[in-house]
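Here is the structure we will look at, set down as structure tokens.
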Amino acid sequence: MKVFEKAPAKINLSLDVLHKRSDGYHEVEMIMTMVDLADRLEMQELPRDTIIISSQAGYIPLDEKNLAFQAARLIKERYQVKQGVYIHLDKKIPVAAGLAGGSSDAAAALRGLNRLWRLGIGTEELQKLGAELGSDVPFCVTGGTAVARGRGEKLEHIESPPQCWVVLAKPPINVSTSEIYGKLKASEIQRHPSTANVIQAIQEKRFDLLCQELGNVLEEVTLRLYPEVRQLKDIMTRLGADGVLMSGSGPTVFGLVSKEAKIPRIYNGLRGFCKDVYVVRLLT
């Protein structure tokens, strides 16, 4: 038996950090939604008790450093599964990009193995397992659009944003999330995005208001350390994207675009600056 799962990328419509917690994590409040750029996982049971991962991408780890591997190991240990599994990961989401590619792979592995081994694990339990693997994994288990609080694991699902085109552009650098959070001084954040205003824009299907209210406090750190991300934001704005923001800890920048006619100019202009450019839709 084979099981297939899609693992979509996420973007942050807002990302706020409230304070640093006593456990070392940061208390966040952010709104995440998914886009139609996705990895695909194929899972097949093996008779011997082992986990094997393969991928066409030559740049990702295929051992315990891989989050899908960690998800398989966690579910096997927690539910005492003695069968092994072969996972093939068809990688499309760029790595270390602020798009939660690894987290979405882990979530897809949890969902797929739950089906493959007929474990009957409920959504809430899958999200709890996901929280042990990473802060974005619980959201990626269910997808959709949600406000995430705590360290990202407390989710409140909300309706989808107004449909639009999303242009994603990743400069040829990798950014470490832990490094960005490590350099962030929560008490010195200049401007906090308004979660309430973003939710209002989504509820009222006000695309103009949504673009106006986009905000990410991690930009202060990433843009200072990596000027090419600032340059990318400026280029995307100049080319006519309606709302432009860095996703997660970066370095990927996304532009929300309402009119399809604008897309060729934005895409071609960005391709002159970096090769990882994608035109996708919101997953609603």
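Yes/no per residue for (1) charged (D, E, K, R); (2) surrounded by fewer than 16 Cβ atoms within 10 Å (Cβ to Cβ); (3) assigned to a loop (DSSP other than H, G, I, E, B); (4) in contact (Cβ under 8 Å) with a residue 12 or more places away in the chain:
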| position | (1), (2), (3), (4) |
| --- | --- |
| Val221 | no, no, no, yes |
| Arg224 | yes, yes, no, no |
| Gln231 | no, yes, no, yes |
| Asp234 | yes, yes, no, no |
| Ala241 | no, no, yes, yes |
| Val244 | no, no, no, yes |
| Ser249 | no, no, yes, yes |
| Gly255 | no, no, no, yes |
| Ala261 | no, yes, no, no |
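Taking region 192-212 as the range and being under 15 Å from Ala241 (Cβ atoms) and either touching a Phe, Trp or Tyr at 6+ places or on another chain (Cβ under 7 Å) or open to solvent by less than 50 Å² (accessible area, probe 1.4 Å) (or both) as the test, the residues that pass are Phe207, Leu210, Cys211. On inspection, Lys2 qualifies as exposed (fewer than 13 other Cβ atoms within 10 Å of the Cβ) and among the charged types (D, E, K, R). A residue that is among the hydroxyl-bearing types (Ser, Thr, Tyr), touching a residue at least 24 places away in the same chain (Cβ under 8 Å) and in a loop (DSSP other than H, G, I, E, B) occurs nowhere in region 95-111. Looking at the structure I just gave you, is Thr123 without any contact (Cβ under 8 Å) to a residue 24 or more places away in the chain, surrounded by fewer than 21 Cβ atoms within 10 Å (Cβ to Cβ), β-branched (Val, Ile, Thr) and closer than 30 Å to Glu260 by Cβ? Spelling it out, it is not the case that Thr123 is without any contact (Cβ under 8 Å) to a residue 24 or more places away in the chain, surrounded by fewer than 21 Cβ atoms within 10 Å (Cβ to Cβ), β-branched (Val, Ile, Thr) and closer than 30 Å to Glu260 by Cβ. Asn174 meets the conditions (1) open to solvent by 50 Å² or more (accessible area, probe 1.4 Å); (2) modelled with pLDDT of 95 or more; (3) assigned to a loop (DSSP other than H, G, I, E, B) in every case but one. The failed one is (2).
Applying the selection to region 24-48, what residues are of a type in the set (Asp, Glu) and in contact (Cβ under 8 Å) with a residue 60 or more places away in the chain? Those that are of a type in the set (Asp, Glu) and in contact (Cβ under 8 Å) with a residue 60 or more places away in the chain: Glu27, Glu29, Asp36, Asp39, Glu45.
The values are calculated or read from the model by the stated rules, or taken from the named source; none is laboratory data. This structure is a prediction, so every number in the text was calculated from the model and none was measured. Note that each Cβ is placed from the backbone with ideal geometry, even for glycine, and that neighbours are counted across all protein chains shown. Accessible surface areas use protein heavy atoms only, side chains included; no ligands, DNA or RNA. Shrake-Rupley method; radii C 1.70, N 1.55, O 1.52, S 1.80 Å.
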